[in-house]
Amino acid sequence: MKKLLFLIICLLAANGLTQAQNYDAAVGIRFGFPTGITYKQFMGGNTAFEVIVGGGDKGGSVTALIEFHSEVLDQSLNVFYGLGGHIGTWRSDLNVGVDGIFGLELSTSSPIVMAIDIKPTVFLWRSDIRTSTGGAFSLRYSF
């Protein structure tokens with residue numbers, strides 16, 4: 001499985017020179033872990049900056065990610081992957097960490113953009129290093 005994931009990432013990186021989106025910015029709701037608000041802004045080419053403000057019953061966080069998009073079949077369907085970090089609270093304690101993201105995004109002829117992702121996290125909590133894997137479905141309005 002790890003070899004397959006590595007191969008997919010290598011192929012996507014090699015394909016990274018293509019224009020891979022048909023919108024500039026989008027804002028919406030993220031359903032999953034963490035649940036919250038998501039904002040994505042393309043910075044040119046296939047690179048985007050995403051901010052996720054989310055939380056649950058035991059805390060909340062702000063996550064910032066740099067993402068790389070690559071077309072799958074045409075410009076409306078993209079695979080994306082990226083890396084970033086977060087700061088937040090968990091059970092009243094401050095935590096910071098490193099976040100990854102990998103997913104699929106579909107932009108339609110309407111201003112609606114849908115995405116599904118997996119977001120692994122390594123975080124520092126009470127001087128311990130912990131890991132977690134979340135995922136979500138995001139529904140955004142593009143402009």
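Quickly run through the range 91-105 and pick out the residues that are open to solvent by 30 Å² or more (accessible area, probe 1.4 Å) and in a strand (DSSP E or B).
Answer for the range 91-105, where residues must be open to solvent by 30 Å² or more (accessible area, probe 1.4 Å) and in a strand (DSSP E or B): Asp93, Leu94, Val96, Val98, Phe102, Leu104.
Kindly indicate the residue of the range 53-74 that is under 19 Å from Val27 (Cα atoms) and without any contact (Cβ under 8 Å) to a residue 24 or more places away in the chain and also surrounded by the most Cβ atoms within 10 Å (Cβ to Cβ) among those meeting that condition.
Val53
Determine which single condition Gly32 fails, assuming it passes every other condition in (1) touching a residue at least 12 places away in the same chain (Cβ under 8 Å); (2) on the phi < 0 side of the Ramachandran plot.
(2)
So Ala115 passes all but one of these: (1) open to solvent by 40 Å² or more (accessible area, probe 1.4 Å); (2) closer than 16 Å to Val51 by Cβ. Which condition number does it fail?
Only one criterion is unmet by Ala115, namely (1).
The values are calculated or read from the model by the stated rules, or taken from the named source; none is laboratory data. This structure is a prediction, so every number in the text was calculated from the model and none was measured. Backbone-built Cβ (ideal geometry, glycine too); neighbour counts: all protein chains shown. Protein only, heavy atoms only, side chains kept; ligands, DNA and RNA dropped before computing areas. Shrake-Rupley method; radii C 1.70, N 1.55, O 1.52, S 1.80 Å.
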